[in-house]
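The values are calculated or read from the model by the stated rules, or taken from the named source; none is laboratory data. Values in this document were obtained by computation on a predicted structure and should not be read as measured data. Here the Cβ is made from the backbone with ideal geometry for all residues, glycine too, and neighbour counts use every protein chain on show. The area values use the complete protein model at the heavy-atom level, side chains included, leaving out ligands, DNA and RNA. Shrake-Rupley method; radii C 1.70, N 1.55, O 1.52, S 1.80 Å.
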Amino acid sequence: MNKKYQNGFFIFGIVLLGVMVTQLDFNEVWRGLRHAGYWFFAVVALWGVLYVLNTAAWYIIIKSQVPPTPQAINTPQTINTQHPSPNTQHPTPNTQQPAPFSFWWLYKITISGFALNYATPGGLMGGEPYRIMELAPKIGTERASSSVILYAMTHIFSHFWFWFLSIFLFIFTQHVSFFMTILLTATGAFCVLGLWFFIAGYRKGLAVRAMNLLRHLPFIKRWAKPFIEQHREQLDTIDQQIAALHKQNPKTFVSAVLLELLCRILSALEVFFILLVLMPSVNYVQCILILAFTSLFANMLFFMPLQLGGREGGFLMSVGGLGMTASAGIFVALIVRLRELIWTGIGLLLIKLNKNN
């Protein structure tokens with residue numbers, strides 16, 4: 001990536017991170033850290049492992065993409081059907097391309113991308129452009145763009161599956177009141193709509209559809225219209241590559257989704273570790289439900305940097321719905337917020353570690 005753009009991403013993220021740190025009550029933070037003890041370090045270390053799963057999902061998506069091959073040589077070829085040469089080799093399609101970079105280089109880019117997503121209002125407005133610009137010199141702009149879009153789609157797609165499956169987990173393990181019946185029904189309808197939208201996007205691509213949507217938004221449409229006209233061919237190529245993963249590489253598609261879904265499930269360990277400090281009798285199912293409904297509520301407020309306020313409100317609602325005290329929700333939200341700030345800082349610092357592979 002151009003050094004100027006790299007410094008721009010770094011400075012922008014650091015400024016936003018500084019603003020977020022100033023919103024903390026440091027006395028409350030210190031009390032929370034003392035109360036959490038060594039479990040706080042377990043929470044921070046857990047995300048080092050979870051980012052490995054995120055990277056693995058993105059890595060297999062990149063490897064599954066077939067790079068554009070040049071057209072056949074324009075010289076006439078004579079095909080001798082009567083006396084075929086024994087040395088003639090028939091090319092076989094190769095869908096697993098060796099990546100021109102290491103897994104751990106991509107791991108660094110993954111962490112930095114998520115750091116920018118956490119810090120940037122709008123979430124995907126920061127991390128995805130950074131990932132594309134880092135990856136483009138290695139595999140080309142079109143493949144980089146399609147792989148980043150595919151991974152973002154897979155990441156969000158797994159969230160919808162996580163929320164949808166958590167509805168049934170709640171029904172089978174918790175008391176369902178009339179109010180919860182209405183809430184779970186609305187949540188289920190929202191998840192089904194989201195799953196349908198992304199399945200359609202996998203089949204036909206989302207790049208052109210997303211850009212056509214931007215053409216109707218105020219302020220952005222003046223930029224979007226000429227951009228679409230100038231890059232129509234590239235956008236079509238990106239959509240073809242998105243559709244190819246779903247149609248030609250179903251195992252890769254399923255593997256990526258399952259890795260991301262596993263990451264969602266294992267991330268409930270964070271809530272489990274924190275609540276063990278307050279209530280040793282907490283069970284993992286409750287932690288999955290807390291995480292599911294908290295993340296659902298927080299993602300509805302995606303336009304806020306680090307989902308400030310939305311995450312805390314989600315934890316309060318989730319623990320209250322499971323019969324826990326409000327203080328437990330506040331404590332969980334505080335530790336999670338500190339973990340996010342630490343990993344955001346780590347990710348921003350990794351932007352400056354400019355190693356080629």
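Screening region 157-177 for residues that are at pLDDT 90 or above and open to solvent by 40 Å² or more (accessible area, probe 1.4 Å) and picking the one that is nearest to T237 (Cα to Cα) gives W161.
Restricting attention to region 28-47, the residues that are without any contact (Cβ under 8 Å) to a residue 40 or more places away in the chain and not basic (K, R) add up to 4.
Given the criteria modelled with pLDDT of 70 or more, open to solvent by 20 Å² or more (accessible area, probe 1.4 Å) and part of a helix (DSSP H, G or I), does F10 qualify? So F10 does not fit the description; no. Considering the conditions (1) over 23 Å from I335 (Cα atoms); (2) in contact (Cβ under 8 Å) with a residue 40 or more places away in the chain, L276 is excluded by exactly one of them, (1).
Yes or no, residue by residue, for (1) in a helix (DSSP H, G or I); (2) over 22 Å from C287 (Cβ atoms); (3) of a type outside the set (V, I, T):
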site	(1), (2), (3)
W161	yes, no, yes
T185	yes, yes, no
L193	yes, yes, yes
Y202	yes, yes, yes
